[in-house]
Amino acid sequence: MSIQRKLSILTFVVVAFIAGVLFTTAGANLLGSGDRITTNTTASPVIDDQDRASTLVSPPPSVLEFENAFVSVADVINPVVVQIHSERVSSTDTQGQRFNPFEGTPFERLFPDDGGEDTLPNQEYRSQALGSGVIVRSDGYIVTNNHVIDGADELEVKLFDGSFYDATVVGTDPQSDLAVIRIDEESLPSIRYGEISNVRVGQWVLAFGSPLSEDLGNTVTSGIVSALGRTSANLSRLNLFSAFIQTDAAINPGNSGGPLVNLHGELIGINSAIYSRSGGNQGVGFAIPVDAVRLVADQLIDNGVVERGFLGVAFGPVSESLADALDVPRGAAQVVGITPGSAAEKAGIAEGDIILSVDGMQLMDYNQLPTIVANQLPGDVVKLEIVRDGKPLTKSVKLGRRDDAALAAVNPPDQDDSPSSMESLGLRLQDVTPEALAGLRVTQKLEGAFISRIDESSVAYREADLRTGDIIVELDRSPVKGSDDFARLFDRVKDGETVLVKVIRARNDQISTFYTALEKS
């Protein structure tokens, strides 16, 4: 056989062998049995640490960036957060009491106090409290809650590096529950202020402080902004002038005074309170917003006192029926009184005006009105969007200076007698009598149509918010002197029309005035 022929046969065999191997491998992979086409061995495969590490799942870059954002904020903020130890000294007057070693035992009566010389001195007690704070200026100024340092005889501050300093009080503002203290140190790291207008519901935030124990200093918790503009009668007892930021970042006793920050490392609030049935964190915490913090802190540091803008109106909520009648939001504030000589009077604000917004900020709750105004300075000009007699108006008001002794003056009228029924409204009306006022424990003389009974299923009760004991003094801008006046004026109203009603609510010699609306059906 020729060499050429032999080479051809050999080439064919090699190609056929390779093709067979490729065909077998491809078939095995197609049928999912490739893992069974292996060389049998009794030895376990060896995987070194590097191979094992390579088998771990790596987080996507976006997750790592998110994690690094938290780490970076903690690195920047921890050095500006401080722990505040306050100590209060109190004494119990035991002067002149004789020492009796058997006090509290059956033998005590054998050793009566005869005023001998072995008497006890006054006993001194020291109580300690823990709170948090944040450095706002590099020369040692620290912002905290007023309740953290209130009544303290000694203050000590612990920095992130473990060093301790005695602190002095620069100024306090109990109404906002804020205070500024200072330590004698320079070139300290300090926090940057954020802008309240940039704070949004749902954004991530971190809370810093020393919850529950000094051993837990510089604890960092995360959460989101749960809500903005939180105001209520309950919260107003904590802070008259702040619409709180609500957060679910864990806040516990000891966190008070610590910073709430965004992921840019900017201060957006000072942790102040929690809403809890257990006394511990339940995910409902409140922080004083940064605009209020900055206003108070700067004034306390620079002037030692806090001044606030003053509008000069008494105000209340808008009832459901009034909101429907005037097509205004339920969160608006209705003006029910004007302080003589105030900024509001000078700007032409009138009783019955409905305030919708201040400087473009829509009122979601009428309680927001004083918090927005009080966080302006005297002399600032604000624009009020109002509704008067169903028509929109804009008023520019140059704010006055708030004097907390000055209250809005609301001057009601004077006088007396005879019952009438307004069955269609669900009201029983009579003239105001001395007996009716005495029942309300009101000593002032008032006149109007007194609601002696009201049907709780009526529109007047459910939507107009009228109650037994209320006194109707105006109907459709006309004065009401008694029940007959009301009946006469109401008779003039056409069926289907809605009219404004001015009401005085008098309890315990405290008088409030508000407007509502009634529809004649």
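The values are calculated or read from the model by the stated rules, or taken from the named source; none is laboratory data. Keep in mind that this is a model prediction, so the values were computed, not measured. Cβ coordinates were reconstructed from backbone atoms using ideal geometry, including for glycine residues, and neighbour counts include every protein chain displayed.
So the values come out like this:
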{"quantity": "Residue within segment 126-144 that is surrounded by fewer than 21 Cβ atoms within 10 Å (Cβ to Cβ), at pLDDT 90 or above and in contact with a Phe, Trp or Tyr (Cβ under 7 Å, 6 or more places away or on another chain) present", "calculated": "no"}
{"quantity": "Matching residues, segment 473-521, being β-branched (Val, Ile, Thr) and under 16 Å from residue 316 (Cα atoms)", "calculated": "501, 503, 504, 511, 513, 516"}
{"quantity": "Hits in segment 443-452 (condition: under 38 Å from the mean Cα position of the chain (by Cα) and surrounded by fewer than 19 Cβ atoms within 10 Å (Cβ to Cβ))", "calculated": "443, 444"}
{"quantity": "Residue among 157, 180 that is more than 14 Å from residue 293 (Cα to Cα), within 28 Å of the chain's Cα centre (by Cα) and crowded, with 19+ Cβ neighbours inside 10 Å", "calculated": "157"}
{"quantity": "Matching residues, segment 482-504, being among the basic types (Lys, Arg) and buried (at least 18 other Cβ atoms within 10 Å of the Cβ)", "calculated": "502"}
{"quantity": "Sole exception among (1) surrounded by 20 or more Cβ atoms within 10 Å (Cβ to Cβ); (2) touching a helix residue (DSSP H, G or I) at 6+ places or on another chain (Cβ under 9 Å); (3) modelled with pLDDT of 90 or more for residue 273, by number", "calculated": "(3)"}
{"quantity": "Any chance residue 402 is under 24 Å from the mean Cα position of the chain (by Cα) and without any contact (Cβ under 8 Å) to a residue 40 or more places away in the chain", "calculated": "no"}
{"quantity": "Spans of strands (runs of 3 or more DSSP E) in segment 443-521 with at least 1 residues within 23 Å of residue 355 (Cβ to Cβ) and touching a residue at least 40 places away in the same chain (Cβ under 8 Å)", "calculated": "471-475, 498-507, 510-519"}
{"quantity": "Condition check for residue 293: at pLDDT 90 or above and within 21 Å of the chain's Cα centre (by Cα)", "calculated": "yes"}
{"quantity": "Number of positions in segment 184-204 that are within 16 Å of residue 257 (Cβ to Cβ) and in contact with a Ser or Thr (Cβ under 8 Å, 6 or more places away or on another chain)", "calculated": "1"}
{"quantity": "Which listed residue is assigned by TED's automatic domain parsing to the domain that holds residue 284 and touching a helix residue (DSSP H, G or I) at 6+ places or on another chain (Cβ under 8 Å), from 260, 216, 178, 212", "calculated": "178"}
{"quantity": "Residue ranges of helices (runs of 4 or more DSSP H) in segment 290-402 with at least 1 members under 30 Å from residue 137 (Cα atoms)", "calculated": "290-302, 368-374"}
{"quantity": "First in segment 223-237 and at pLDDT below 75, second anywhere and aliphatic (A, V, I, L, M), Cβ under 8 Å, 6 or more apart", "calculated": "231/243; 235/273"}
{"quantity": "Lone qualifier among 381, 387, 305 - being out of contact with any Asp or Glu (no Cβ under 6 Å at 6 or more places or on another chain) and within 26 Å of residue 461 (Cα to Cα)", "calculated": "387"}
{"quantity": "Meets criteria (over 24 Å from the mean Cα position of the chain (by Cα) and either buried (at least 20 other Cβ atoms within 10 Å of the Cβ) or in the same structural domain as residue 506 (by TED's automatic domain parsing) (or both)) for residue 323", "calculated": "yes"}
